[in-house]
Amino acid sequence: MKAQRGFTLLELLIGMAVLGLILTLLFGGLRLATKSWDTGDKLSGDSAQLRAVQGFIRRELAQVFPLRWKNQVDNRLAFGGTPGAMKFVAPLPAQAGGGGLYLLGLELEDGDKGKRLVMKRAQTYPVATSFSSLEEGEVSVLAEHIDRLEFSYFGATTADGKAGWQEMWDDPQRLPLLVRIQVKTSEGRNWPDLVVPLMVEKSCGIWDSFHQRCVN
């Protein structure tokens with residue numbers, strides 16, 4: 001009978017080394033796939049949050065109401081825009097604030113995880129003369145980890161002037177035609193620019209809140 005030949009020690013060591021190399025490659029590929037999956041899942045979640053936040057802001061700005069402060073000589077519009085913050089009047093969904101018109105403010109504030117985009121809100125009253133009640137209003141966090149927030153406003157600075165982008169908007173009689181919001185995250189990623197038209201006629205000189213129409 002022919003004797004069966006077994007593995008030599010050298011062949012066994014070589015086999016174990018090859019097996020170890022194969023297992024290392026497999027586990028490395030598995031870690032890479034897991035990391036890619038987690039990254040893709042995070043990006044998907046971030047994109048969904050971004051769409052939700054921008055969609056909410058777009059809806060609110062599209063409903064800006066040309067409220068005018070009471071007991072002021074110039075019958076000033078309740079709207080204020082700076083490069084870093086914006087205040088306006090608009091309705092809120094019933095589930096967000098109980099419905100009705102609210103004083104609203106968008107700005108950055110410091111949080112536990114760095115700067116964050118917030119919306120402040122306070123109910124408006126017939127006797128209101130400013131946005132001062134926003135300082136004690138409710139705060140909703142729209143997005144965390146924000147490095148930069150910048151607003152700009154498109155319109156003419158005078159009744160007969162040429163429209164263009166402005167860093168500030170403090171016209172007591174006219175709303176801007178467009179509002180642009182630019183956001184950069186703390187990770188260095190830029191949100192797509194959000195440009196929203198305000199639903200007020202370009203030719204609207206003075207808004208009659210009682211009759212809900214323009215008075216030119």
Qualifying residues in the stretch 55-97 (those that are over 19 Å from the mean Cα position of the chain (by Cα), among the aliphatic types (A, V, I, L, M) and closer than 19 Å to GLY137 by Cα) - the one modelled with the lowest pLDDT: ALA94
Wholly enclosed strands (runs of 3 or more DSSP E) of the stretch 131-189 bearing at least 3 residues in contact with a strand residue (DSSP E or B) (Cβ under 9 Å, 6 or more places away or on another chain) and either of a type outside the set (Phe, Trp, Tyr) or surrounded by 13 or more Cβ atoms within 10 Å (Cβ to Cβ) (or both): 138-143, 146-155, 178-185
Which numbered condition ASP112 misses (of (1) closer than 15 Å to LEU142 by Cβ; (2) modelled with pLDDT under 90): (1)
Some residue of the stretch 112-126 being closer than 29 Å to LYS184 by Cβ, surrounded by 11 or more Cβ atoms within 10 Å (Cβ to Cβ) and over 18 Å from the mean Cα position of the chain (by Cα): yes
Meets criteria (basic (Lys, Arg) and within 18 Å of LEU194 (Cα to Cα)) for LYS87: yes
Close pairs (7 angstrom Cβ cut-off, 6 or more residues apart or separate chains): without any contact (Cβ under 8 Å) to a residue 60 or more places away in the chain in the stretch 50-78, of a type in the set (Lys, Arg) anywhere: ALA78/ARG68
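The values are calculated or read from the model by the stated rules, or taken from the named source; none is laboratory data. This is a predicted model, so every value here is computed, not measured. Neighbour counts are summed over all protein chains in view; Cβ atoms, including those assigned to glycine, are modelled from backbone coordinates with ideal geometry.
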